[in-house]
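K.L.:
The following block contains the structure, expressed as structure tokens.
The values are calculated or read from the model by the stated rules, or taken from the named source; none is laboratory data. The structure displayed is predicted, hence computed values, not measured ones. Every residue, glycine as well, gets a Cβ built from its backbone with ideal geometry; the counts of neighbours run over all protein chains shown.
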Amino acid sequence: MKKVIDSGPGEKQRHLAAFNPVKNKDLSEIQAALDRHCQWITGDPRFLRCNAKIEKTKEGLAVKGRVMSPQMRQSILEVLDCLKIKADVEGLEIYPDRSTQGLHYGLVRVGVADVYAEADEASERVTSGLYGECVFILSKENGFLFVRTLEGYLGWTQSGNIRPIDLQTLRTWKKGPHARLLCDYDLPDFTLPIGAVLPLVGDDTIQCVDGAEVKPDRESIVLCDRKTPAFDEAVHRETERYLDTCYKWGGRSKEGIDCSGLVQMVYRALGIMLPRDAGQQVLCGEICATPDWYSDLQTGDLLFFCSTLGRIGHVALSYGGSTYIHASSDKGMTISSLDETDPHYDAELKARFFLAKRVML
């Protein structure tokens, strides 16, 4: 393995250096700093959220709110330290929060489920979920669910639009062949929308969210799963071309390559042009794994990891299951695993694993 020649810029150090001690514990100044930090972390609030509010209590200062990851929560503490502020952060929860009561997965049970920026139908509609799509339930409030949709958008939808399910039901729903509707299909109570993807339980029979089976015209559906041995072989073949390549921030060639450069070049060889950076690539495809659901990862899936500040800071290519290959700033091209029983297990990256996306061909 060639020596690592560049570990990238000191993003964290530069960001935290911008926060100076706050005099007299001025709440408005502290809040302004927290808002600036949260805005910098999230970038696009449709994909990441960081809500931290400072308030004065009988015991002193306290920070309350919700964040997307342990790393994001830790970054709030580091900002407070830069501000020379001591505050209770017990009220700073990590999504999914306690209101979900352990129900973290769901399926859209209506034809089209509108998703809003706030728990209010008068707020901006940011996207919509189609019948049968899985969502990830993060919070519950006033008859609405705060969800992450299949493509990764965050927003609020009416609780009645979603059927909560457990992890095993989700895995069963996602496995096996699926069919995509090529036109609207009318059912007694609602219409299955064009584009809906549902499990295929026979040559031309699809399964509904409630377990019922329907049989549209054969010309109305098309098989849409992309898993093929040829694709797996191509991913392995293209990644192996870079096995002896050193890590280089901004690199995308044999002279040196970084994590997102590797992903981009492998997919480019497969005929798909992905964006350049991990923070952009995470917007592609559909979610196929989370920290407590990764055993169904397929070769070529993209694994995304948080930086120590809570942003999307690293990306890897799945080799199927818990194993993945990536360009590491300290190890160069390396194979790692999310499974603690695997010799390639990387505990630090496992703790930072955020989600995985599957780029559909």
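K.L.:
Criterion first (crowded, with 16+ Cβ neighbours inside 10 Å, under 18 Å from Ser28 (Cα atoms) and not basic (Lys, Arg)) does Gly106 satisfy it? Full working, then the answer.
P.N.:
Values: crowded, with 16+ Cβ neighbours inside 10 Å: yes; under 18 Å from Ser28 (Cα atoms): no; not basic (Lys, Arg): yes.
Spelling it out, it is not the case that Gly106 is crowded, with 16+ Cβ neighbours inside 10 Å, under 18 Å from Ser28 (Cα atoms) and not basic (Lys, Arg).
K.L.:
A follow-up question, please. Given the residues Lys56, Lys23, Lys84, which is the only one that is exposed (fewer than 13 other Cβ atoms within 10 Å of the Cβ), in contact with a Pro (Cβ under 8 Å, 6 or more places away or on another chain) and not acidic (Asp, Glu)?
P.N.:
On the way: Lys56 fails: in contact with a Pro (Cβ under 8 Å, 6 or more places away or on another chain); Lys23 fails: in contact with a Pro (Cβ under 8 Å, 6 or more places away or on another chain).
On inspection, the qualifying residue turns out to be Lys84.
K.L.:
What number of residues within segment 59-71 satisfy the criterion of being within 16 Å of the chain's Cα centre (by Cα) and crowded, with 17+ Cβ neighbours inside 10 Å?
P.N.:
Filtering segment 59-71 for residues within 16 Å of the chain's Cα centre (by Cα) gives 67-71.
Then keep just the ones that are crowded, with 17+ Cβ neighbours inside 10 Å; that gives 67-69, 71.
The number of residues fulfilling the criteria is 4.
K.L.:
Continuing with the same structure: Tell me, please, whether a residue that is over 24 Å from Asp166 (Cβ atoms), in contact (Cβ under 8 Å) with a residue 12 or more places away in the chain and assigned to a helix (DSSP H, G or I) can be found in segment 291-309.
P.N.:
The answer is no, given that none of the residues of segment 291-309 is over 24 Å from Asp166 (Cβ atoms), in contact (Cβ under 8 Å) with a residue 12 or more places away in the chain and assigned to a helix (DSSP H, G or I).
K.L.:
Which residues, taken from segment 329-361, are over 23 Å from Lys248 (Cα atoms), surrounded by fewer than 14 Cβ atoms within 10 Å (Cβ to Cβ) and over 22 Å from the mean Cα position of the chain (by Cα)?
P.N.:
Thr341, Pro343 - these are the residues of segment 329-361 that are over 23 Å from Lys248 (Cα atoms), surrounded by fewer than 14 Cβ atoms within 10 Å (Cβ to Cβ) and over 22 Å from the mean Cα position of the chain (by Cα).
K.L.:
In this structure, does Gly279 turn out to be in contact (Cβ under 8 Å) with a residue 40 or more places away in the chain and closer than 15 Å to Ala327 by Cβ?
P.N.:
Values: in contact (Cβ under 8 Å) with a residue 40 or more places away in the chain: yes; closer than 15 Å to Ala327 by Cβ: no.
Spelling it out, it is not the case that Gly279 is in contact (Cβ under 8 Å) with a residue 40 or more places away in the chain and closer than 15 Å to Ala327 by Cβ.
K.L.:
Then there is this: Looking only at segment 138-180, which residues are at pLDDT below 95, among the aliphatic types (A, V, I, L, M) and either touching a Gly at 6+ places or on another chain (Cβ under 8 Å) or on the phi > 0 side of the Ramachandran plot (or both)?
P.N.:
Hit for segment 138-180 is Leu150, nothing else.
K.L.:
Please go through segment 250-269 and pick out each residue that is of a type outside the set (Gly, Ala, Ser) and free of Cβ contacts under 8 Å to residues at least 60 places away in the same chain.
P.N.:
Taking segment 250-269 and keeping what is of a type outside the set (Gly, Ala, Ser), we get 252, 254-255, 257-259, 262-268.
Correct list: Arg252, Lys254, Glu255, Val263, Gln264, Met265, Val266, Arg268.
K.L.:
In segment 253-264, how many are among the charged types (D, E, K, R) and either crowded, with 20+ Cβ neighbours inside 10 Å or under 23 Å from the mean Cα position of the chain (by Cα) (or both)?
P.N.:
So the first thing to find is which residues in segment 253-264 are among the charged types (D, E, K, R), and the list is 254-255, 258.
Those still in the list that are either crowded, with 20+ Cβ neighbours inside 10 Å or under 23 Å from the mean Cα position of the chain (by Cα) (or both) too: 258.
Result for segment 253-264: 1.
K.L.:
Further, regarding this structure: For segment 204-222, what are the residues that are within 11 Å of Leu181 (Cα to Cα) and in contact with a strand residue (DSSP E or B) (Cβ under 6 Å, 6 or more places away or on another chain)?
P.N.:
Once the filter is applied, which keeps residues that are within 11 Å of Leu181 (Cα to Cα) and in contact with a strand residue (DSSP E or B) (Cβ under 6 Å, 6 or more places away or on another chain), segment 204-222 yields Ile206, Pro216, Ile221, Val222.
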